[in-house]
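The values are calculated or read from the model by the stated rules, or taken from the named source; none is laboratory data. Here the structure is a predicted model, which means the values were calculated and not measured. Cβ placement follows ideal geometry from the backbone for every residue including glycine, while neighbour counts extend to all protein chains displayed.
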Amino acid sequence: MTPMAILLLLALPLTATSSEPQGEGAAETSETAVGADAEVEAPPKSKPVVALLPSISFNGDDGLGLGVFGDIEMERRPGEDRFYIWTLGAIARAWLKPPQVGWEVALGWSWFPDPDGATEISANVVSLGRPWDWWFGVGQEAARDERFNQSSDPVPLYWHKFSNFDVRGDVRLFRRLVGPVDVFIGGGLKATWTGVKDNTLLAQEVAAGLRTAPDGGLYGAVDGGLRIDGRDDRTDPTNGGFVLGYAQLAYGPTRAPWGRFVLDVRGYVGVPSGVVVFAGEVLAQAAVGAVPFYELGLIGGFEANGRTLVGVNGMRALDRGRLRGPLGLLAHSEVRFRPPGFQILRSFRMRVASVLWLDAARVDEIAKPFTGGPFLQPSFGWGFRLVFNEVTTARFDMGTSPERQITDAGDGIRWPLGFYGTVGHSF
């Protein structure tokens, strides 16, 4: 049975809407007009939309990923500016790579307390466990070195690996300044446990003083900046733009401060009437100071399902640890074909969209930028989206990338295949 068929079978009984009264004044159903017997209808009630769907993915580095994700959104009332009153999203996934098993559990929440949507409060809680996180070095020239995967080598399975387990929580307050422009402040805590194995490449770099915080630890961070959100929809935009710029300051476990600067620009053009959407994103990040080694390659942000420079939420087709560096550039381009949806049940509507995509990434060290490797590492592929009730998007992508590797026979190129199944668009 195909992943799509499995998804449909699981989704049908678990997707529904409710019309229970929500909020002050929603319980009143009618009132008698003065001097007449006619009834005046009460304002339409807010309704939650719920979806619970499976998540299926695979790539050679992570193995098979199986899990579920869900969304609950309280719709806005007619006449209100906001898209919804509150949303709650969650994903739970296990990575099966015998004999090791990893996991990812994330819960994200967003609330608009004001009727005009001028204030937003968001929070995330995330737990991630990866006994086989990958380390190939820092910079664009880092190759997958297969020369050490010989049976006679003392560390044949661990030359490129370390264990990584972390838990993080963050909260942010957004406040509209004018039009689509928001200012925000936020903060969070993250606890990380790592295991750097003897004789590995990472252990050698730690011993040489090139990498910091080999044992992990606890750090806190504060951030702030501006967000311009001119998209016509957050779930599946067809027109508009999005700009995010912010700075983050963190402390620990290196006992020295470090920070991130992020600029994220996205654009969407739909023709005609959003049947075909041309979408693009360019994201640049600079991490400065005593950055823990396991933070290299991760993108600071607000998503519960965290973004990375490479991987399912970054440049697709390669594992998230494949490219790491304090300077990062990520580019996405997609052509999304969005035919009309169709009704399956009275409270269940679905739309199937097809996507052609092209990604690229670049990482560098601050001391020697733009050296080594291809200027941009490309990847490309095809995917499809299942949009449920226009509030939840399931994403399936398949693609490949020309990855440089070194073997006993010399330098070469491999073409790994990645298949991803997760929640939400890639951007």
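Annotations
- Members of the range 287-311 found to be touching a residue at least 24 places away in the same chain (Cβ under 8 Å) and in contact with a Lys or Arg (Cβ under 7 Å, 6 or more places away or on another chain), listed by number: ALA287, PHE293, LEU296, GLY297, ILE299, GLY300, GLY301, PHE302, VAL310
- Scanning the range 361-371 finds one or more residues that are under 22 Å from GLY421 (Cα atoms), at pLDDT 95 or above and either within 19 Å of the chain's Cα centre (by Cα) or not aliphatic (A, V, I, L, M) (or both).
- Of all residues making up the range 113-133, the number that are modelled with pLDDT under 90 and farther than 30 Å from PHE419 by Cβ: 5
- Members of the range 238-252 that are touching a residue at least 60 places away in the same chain (Cβ under 8 Å) and either surrounded by fewer than 17 Cβ atoms within 10 Å (Cβ to Cβ) or closer than 26 Å to PRO272 by Cβ (or both): THR238
- Checklist (1) in contact (Cβ under 8 Å) with a residue 24 or more places away in the chain; (2) part of a strand (DSSP E or B); (3) surrounded by fewer than 21 Cβ atoms within 10 Å (Cβ to Cβ) applied to ALA361, failing item: (3)
- Residues that are surrounded by 16 or more Cβ atoms within 10 Å (Cβ to Cβ) and more than 26 Å from the chain's Cα centre (by Cα) do not occur anywhere in the range 168-185.
- Condition met for ARG351 (modelled with pLDDT of 90 or more, part of a strand (DSSP E or B), of a type in the set (Lys, Arg) and within 21 Å of the chain's Cα centre (by Cα)): no
For (1) surrounded by 21 or more Cβ atoms within 10 Å (Cβ to Cβ); (2) in contact with a strand residue (DSSP E or B) (Cβ under 9 Å, 6 or more places away or on another chain), each residue gets a yes or a no:
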| position | (1), (2) |
| --- | --- |
| PHE337 | no, yes |
| LYS368 | no, no |
| THR392 | yes, yes |
| GLY410 | no, no |
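- Qualifying strands (runs of 3 or more DSSP E) (wholly inside the range 239-344; at least 2 residues being more than 30 Å from ARG414 (Cβ to Cβ) and of a type outside the set (S, T, N, Q)): 240-251, 257-271, 276-289
- Among the candidates TRP109, TRP95, TRP134, residue that is farther than 25 Å from GLN405 by Cα and surrounded by 15 or more Cβ atoms within 10 Å (Cβ to Cβ): TRP109
- Matching residues in the range 262-275 - criterion: being over 18 Å from the mean Cα position of the chain (by Cα) and not hydroxyl-bearing (Ser, Thr, Tyr): VAL269, GLY270, VAL271, PRO272, GLY274, VAL275
- Boolean, PRO369 is part of a loop (DSSP other than H, G, I, E, B) and within 30 Å of ARG211 (Cα to Cα): yes
- For ALA367, the stated conditions do not hold, so it cannot be described as of a type in the set (A, V, I, L, M), within 29 Å of GLY300 (Cβ to Cβ) and in contact (Cβ under 8 Å) with a residue 40 or more places away in the chain.
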